[in-house]
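Inspection log for the structure reproduced underneath, given as C-alpha cells.
Please treat every number below as a calculation from the coordinates, not as lab data. A quick note: this is a predicted structure, and the numbers were derived from the prediction, not measured. Cβ placement follows ideal geometry from the backbone for every residue including glycine, while neighbour counts extend to all protein chains displayed.
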Amino acid sequence: MAYIHDIFKRYLDNSCTEKELSILLRYFELDEYSGNLRDLIEQELLKPEHEWTLPEPFVHMVKQNKAVLMERIQSRQKQNKIKRLIVTTSIAASILLVSTFAFFYFNDRTPQQMKVVQEVKDIDPGTNRATLVLENGESITLSEDKTGITVGKDGRIVYTDGTNIATHTSVQYATLSTPRKGQYNLILPDGTKVWLNAESSIRYPTTFIGDERNVEVKGEAYFEVAHNPEQPFIVEGPSQRVKVLGTVFNLYDYPGEDHTVTTLVNGKVEVYSTEKNLSQILTPDRQAVLTPMGYEVHQVDVEPFIAWKNNEFRFRATPLREAIRQIERWYDLDVDYNHIPNDIKIHALITRDKKLSSVLYALEEITNIKFEREGRRLQLMEK
C-alpha cells in the first residue's frame, strides 16, 4: 500500500513516470481496491486547503465538489448521526475522488501516456475449454458453456447434461485435452470422475476391457476412482505409474518439470517410477514427490494441492515460483523466472475467477516485490 501511496503522491504533483501511471491505473481499476483510492483522496482532502498537492487548475473544481458533498453529509447527520455520517462520508469521498482522479487523467495526460495504459489491458482468468480427439482423427472443440463430458458403457460420448457429442460402438481410444486457460471434467465408462487442470490431457478407452483400467495422463488431474478390486485402475504419466483400486487422489505430472507430485486424499495407491525402478505405497494425507534423486514421501494438508478443482489458488508455505507457475498456466502467461527469488514462500487464498491484475496485486502485497507485465510477458520489476 505504501508503494501505491508514493506513486499517487507523485501523480498529484505531476512527477510520476508513464510506467508508474500504468501501475496506478491498473490498481484502481479493480473494484476491490477502490476503498484504497478513497482513503488516499480522503487523506488529501482532510488537510488544510493550503497544503493540498492537487494540480492548481483543478483546485477550484475540487472545492466546488467538496462543498456540495459536505452539504449532503450535513443534511443526513440528524439521522442515525454517527453511523450515517461514516457511511455517507465514505460514499461522498468515493464519488469525489473517482471523478477527480478520472478528470485529472483524461484531461491532463498526453495521447502517448493514454496508449501506455491501454497496453496493460487486464487478462481474464481461464474457463471451461477443451478439445476431444477420437482415434479416427476426428477433433471436436467442446463447448465452453459446458463443464464436462460423460463416456457411456455403450461408447456414446455426451456432455454431462446429456447433450450428444459422438457415438462409437467399437472399442477405441479418445484424448481429452485442455489448453492454457482451460479446464474440463470427464466421467469414464466405469463411473470414475476426472478433473483436468490447465494444459493437461487424458487418453482413455471408450470401453474398459481386460484385467486393468488403463488411462494416460499428462499435466494435472484429480481422480475419484470407482472401486473395482477385480480390475485395478492404472494411470500412466510421463514420469511414473499409479495403481489404485478405488480412491481419491491428485496427480501433478507435467512433461519437462523436475518433479512429479501424487497427493492421496483417501484410499490407497502405489506409485512406481519406471525409470528408477522405485515404488511407494501412499495412505491418506500423504504425498509422494518424485525428484531426480527418487521419491520423497511427506504427511501433508491436501487442501492446497486440490484447491484448483474448487476454482481456488490456495497457497500454504508455497514457494513463489510454484505459485507463479500455477498462475502462468491459468492466465496463459510467458513468465521470466530469471530474477524471481527461490527463497520466498507465500500463504494466500485467491479465487481463480479473478482477473490477472487482482491476483498479481495480492502477490505483490504478500511478497513486497513488484511485477511488470507487457502483454502476456511477466517479469520482476526492475528496482
Classify the range 157-217 as rounded, prolate or oblate from the Cα gyration tensor: take a ≥ b ≥ c as the square roots of its eigenvalues, call it rounded if a/c is under 1.5, otherwise prolate when a/b beats b/c and oblate if not. oblate
Computed from every Cα-Cα pair in the range 127-255, P(r) in 5 Å bins starting at 0 and rounded to whole percents is 2, 11, 23, 25, 22, 13, 4, 0
Seen from all sides and averaged, what is the projected area of the convex hull of the Cα atoms in the range 311-380, in nm²? 4.1
At the level of C-alpha centres, the distance separating the range 268-340 and the range 162-220, in angstrom, is 22
Cβ-Cβ FRET estimate between Glu236 and Glu296, R0 fixed at 22 Å, reported to 0.05: 0.55
Using Cβ contacts closer than 10 Å as the measure, can you line up Asp253, Asp122 from fewest to most? Asp122, Asp253
For every other residue with a beta carbon closer than 10 angstrom to the beta carbon of Tyr222, add +1 if it is Lys or Arg and -1 if Asp or Glu, then tell me the sum. 0
Per-bin percent of Cα-Cα distances, the range 195-300 [10 Å]: 15, 51, 30, 3
In the range 127-255, what is the count of Lys pairs whose alpha carbons are under 20 Å apart, counting only pairs at least 8 residues apart or on separate chains? 7
